[in-house]
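Worksheet for the structure shown next.
The values are calculated or read from the model by the stated rules, or taken from the named source; none is laboratory data. Model, not experiment: these values are computed from the prediction. Glycine gets a Cβ as well: all are built from the backbone with ideal geometry, and neighbour counts include every protein chain shown. Only protein heavy atoms, including side chains, enter the accessible area calculation; ligands, DNA and RNA are left aside. Shrake-Rupley method; radii C 1.70, N 1.55, O 1.52, S 1.80 Å.
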Amino acid sequence: MRESFQSALSGRVTIRVTGFFLERFLNLTAKRGLPTWDVQRISETEMLLTTTPAAFRRMRDAAFRAGVRVRVAGKSGLPFRLRPYRRRKALLLGLLLFLLMPLAASQFLWSITVEGCEQLKPSQVLEVLEGLGVKRGAFLPGLDTERIETQAALELDELSFIAINLKGTTAQVQVRERVPVPDSRDPQEIRNLVASRDGQIEVLEVYEGIAMVSRGDTVQKGDLLVSGAIPSEQVGTRYVASDARILARTWKTGTIEAKRVATAQWPTGRQQMRHTLLIGDFSINLYWNSGISMDEYVTLYREKYFTLPWGVTLPIGLRTQALCETATVSRVQSDEELEQLCLAKLQDVVDSLEVEQVLETTHQLEITSEGASLRFEVTCLESIAQPQPFTP
């Protein structure tokens, strides 16, 4: 897009080259750094190619040395279109202003997004920022983001952090809300530790409290593992917040099913294209018929914003929406494919387990005419200590 835009501004010249040494001519132009593209070989002694006006003027010497003849076959681009209007200064001035409008538009703020709000509403942040000058139509070089961030943080007590990132003509506002301080002044609470699931104790390290189980014991969900009440003959019972590292051997079982006949959505190659013009926060549909003539389809989106040759992104873009038709295709899977599918799903189950270690995995596969069924058991090592409030 950028190359074609530059080419349209500088102009293009299509030339016809005739002679017996066409390859030599191309080598000489490449050696001298003269750009050429869209080379079309018409015959052994004739070809067409496209270049820039400046490069065409420098090609005459290369043509003379290669023993070929070059003639202009066509011209296009802004310089050649403006040539008939050289004496119409008002028209040229209007065209210049039209070309400068996108550059001027890129100096103003077109859209504002707020990210990170949970309790606080984005509209509240936008209202404060608008009072500080961050609003649609604001002159970008005149925005002092550091000063605005400081004042916005002072006005919004709910925020602990705010950052304004200017990207092109868009302001991305990122906020972080304050975490409320707990009412309790004592961070330590009296508690027990109970088993979060059934298992067999493998690791028992008690840091605070008194252990109610031993290594090798089998426990059930809810059983008391560590008590926060420590008896003492001298001072009586002392209450603490139990703390321990307790790992147990646990077992997870399940069944994975796979059907013999697999269905999938397959593209047919038929597409329905829709284009939408994007101007800031506004959009204009460039299609008339909004109906869809396909029963099954998937939708693909792509947005492209226009960029000036010097790297400035304009708030003007094009959204392309492709509706790709699909058809449901059925296929009978072999026994080997069913087995591989079940084993892959089993591996996904194992990878998703949030445990300290997977010790062993066993499975039993049964294949019938309808499909496959895989029963599995995964032996794990995981933490089962769960805090439970304790009232003495």
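Below is a table of values for the structure above.
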| item | result |
| --- | --- |
| Tail beyond 21 Å, pair distance distribution of region 274-343 (Cα, percent) | 54 |
| Rg over Rh [alpha-carbon atoms, Kirkwood Rh] for region 239-392 | 1.24 |
| Three principal axis lengths of region 191-290 [C-alpha, angstrom, descending] | 89, 49, 18 |
| Computed [θ] at 222 nm, helices only, for the chain once each DSSP H run of length n ≥ 4 contributes -39500 (n - 2.57) | -7500 deg cm²/dmol |
| Region 330-392 - Rg over Rh from alpha carbon coordinates, Kirkwood radius | 1.24 |
| Karplus-derived 3J(HN,Hα), 6.51/-1.76/1.60, for each residue of region 191-206, Hz, glycine and proline x | 7, 9, 10, 10, 6, 7, 6, 5, x, 10, 5, 10, 10, 9, 10, 9 |
| Accessible area of the chain belonging to carbon and sulfur atoms, whole % at 1.4 Å probe | 51 |
| Amide H contacts of Arg178 (H built 1.01 Å from N, under 5 Å, at least 5 apart or other chain) | Leu159, Ser160 |
| Table column - 3J(HN,Hα) (Hz), region 141-152, Karplus curve with 6.51, -1.76, 1.60, x for Gly and Pro | x, x, 8, 8, 5, 5, 5, 5, 4, 5, 5, 5 |
| Under 19 Å from Lys304, Cα to Cα: aspartates and glutamates that are on another chain or at least 8 residues apart | Glu3, Asp281 |
| Per-peptide average of other Cβ atoms within 10 Å, ordering 354-361, 245-252, 149-156 highest first | 245-252, 149-156, 354-361 |
| FRET efficiency, 1/(1 + (r/R0)^6) with R0 35 Å, evaluated for Ile190 and Glu377 via beta carbons | 0.35 |
| Region 100-174 - accessible surface per residue (Å², probe 1.4 Å) | 58 |
| Exposure of Tyr239 as accessible area (Å², to 10), given a probe of 1.4 Å and all protein chains | 90 |
| GluC sites (Glu not before Pro) within region 260-352, DSSP loop, no more than 13 other Cβ atoms inside 10 Å | Glu296 |
| Hydrodynamic radius of the chain per Kirkwood, over alpha carbon pairs, in Å | 30.8 |
| Average accessible area per residue (Å²) across region 304-392 - probe 1.4 Å, nucleic acids and ligands excluded | 59 |
| J(HN,Hα) series, region 212-222, from Karplus relation 6.51 cos²θ - 1.76 cosθ + 1.60, nearest Hz, glycine and proline x | 9, 9, 10, 5, x, 6, 9, 10, 10, 4, x |
| Amide H contacts of Lys75 (H built 1.01 Å from N, under 5 Å, at least 5 apart or other chain) | Thr14 |
| Highest-fluctuation residue, Pro35, Pro315, Pro267 considered, GNM on the chain with Cα pairs under 10 Å | Pro35 |
| For Arg65, net neighbour charge (Lys/Arg +1, Asp/Glu -1) across residues whose Cβ lies under 14 Å away | +4 |
| Inter-site label distance for Tyr301 and Asn289 at 7 Å from Cα along Cβ, in nm | 2.4 |
| Residue of Ser214, Ser111, Ser232 that the Gaussian network model of the chain assigns the largest fluctuation, springs spanning Cα pairs under 10 Å | Ser232 |
